[in-house]
1. Relative contact order for segment 177-324: what percent, with Cα pairs under 8 Å and sequence separation of 6 or more?
2. Excluding A9 itself, calculate the net charge of residues whose Cβ lies under 15 Å from the Cβ of A9, where each Lys or Arg counts +1 and each Asp or Glu counts -1.
3. For labels at R79 and R6 in the simple 7 Å Cα→Cβ model, what's the distance in nm?
4. Local charge sum around L281 (other residues, Cβ-Cβ under 10 Å, Lys/Arg +1, Asp/Glu -1)?
5. For every other residue with a beta carbon closer than 11 angstrom to the beta carbon of A220, add +1 if it is Lys or Arg and -1 if Asp or Glu, then tell me the sum.
6. Distance in nm between label sites at K237 and V269, each 7 Å beyond Cα in the beta-carbon direction?
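Each reported figure results from applying straightforward, stated rules to the coordinates on display, with no laboratory input. Since the structure is predicted, the reported quantities are computational estimates derived from the model, not experimental observations. Methodologically, a virtual Cβ is constructed for each residue, glycine included, from the backbone with ideal geometry; neighbour enumeration extends over all protein chains shown.
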Amino acid sequence: MTAVIRTEALTKHYGRVHALDGLDLTVGLARPTSGSATVLGSDPWTEASRLHRRIASVPGDVSLWPNLSGGEAIDLLCRLRTGGGGADAAVRRRLCADFDLDTRTKGRAYSKGNPDATGNLRYERSRDAPAASAVGPIEYRRTVTSATDPTDTYTVATDGACKGNPGPTGWAWVGEDGHWAAGAIPVGTNNIGELMGMLKAIEDHADIPHLVVQADSKYAIDTYSSWMDGHRRRGWKTSTGAPTKNRDLLEQLIAARDARRAAGLPDVVLEHVRGHRGHVLNEWADERAVRGAEHAAKGTASAWSSLGGLHPQLDVSAAPTKKR
């Protein structure tokens, strides 16, 4: 009998706790002489195919097929499940809707984020956004619709805020039409907030052909324009040989930029604006980022957005009247 699972002297320790200590185990798949064995209530010999569908898994830290688009990945998985026949159009549409999947973006462009640095990047519903939410988080992204002129330029302003630096951190972007997103990171820096605002502005508008991102942070602009590529070429070292700070965010920014290029979209145009000088979109981005930092001080990582209708758009015809 060929062993399906075999372990020899297997140990696993969690600090002082010994979960496994010298485990020897052999599990084979064979018809029993007598008695029965079930997995998830099914016979592993006669119902193997159905069981494989229930117990197969892909670890979250594994990147499969980075050069396939979301639609191509769905098609491949459907062919594997149906013996090469693929999925009909209705099933494909349902899967794409269920996973809120952008069928054109390549897998490498999808960002899982770094929970230690960026927390939960999915957007939540709340009564007084940004605020804590009991509703399950949902991801949204701006997309081009049939009513969108592909030659139009769409402008967003980004900003970051930090109480203490390092300390509770907020990030935000606000668009020219009043759409916005903001987030809270319990422990971060002002630079992390600035980079996060820029990253989410680009990711949330991945299908907008002509995107202009305004920022009052020269650090964020210079990082995206040139520094991040230099850091990567040097093996994530600065010009002085020191380890690059915020590497995880820089890698995500590179992925977002490269995804636009792979899709045939022009690079994002970056504009530097002076902060706290009456620039309306910048003032709104600052207001959202500061709110995010205030919520971060409560110790919870969260994010909110008007995309998808979870929160109302802002009136950006004038700067916010209440300074925070």
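1. Values: 179 pairs, mean separation 64.8, N = 148.
Rounded, it is 44 percent for segment 177-324.
2. Numbers: positive: R6, K12; negative: E8, D21, D24.
Charge balance near A9 sits at -1.
3. Inter-label distance under the simple model: 3.5 nm.
4. Numbers: positive: none; negative: D159, E176, E283, D286.
Taking every Cβ under 10 Å from that of L281, the sum is -4.
5. Numbers: positive: K218; negative: D159, E194, D216, D222.
Neighbourhood net charge equals -3.
6. Inter-label distance under the simple model: 3.8 nm.
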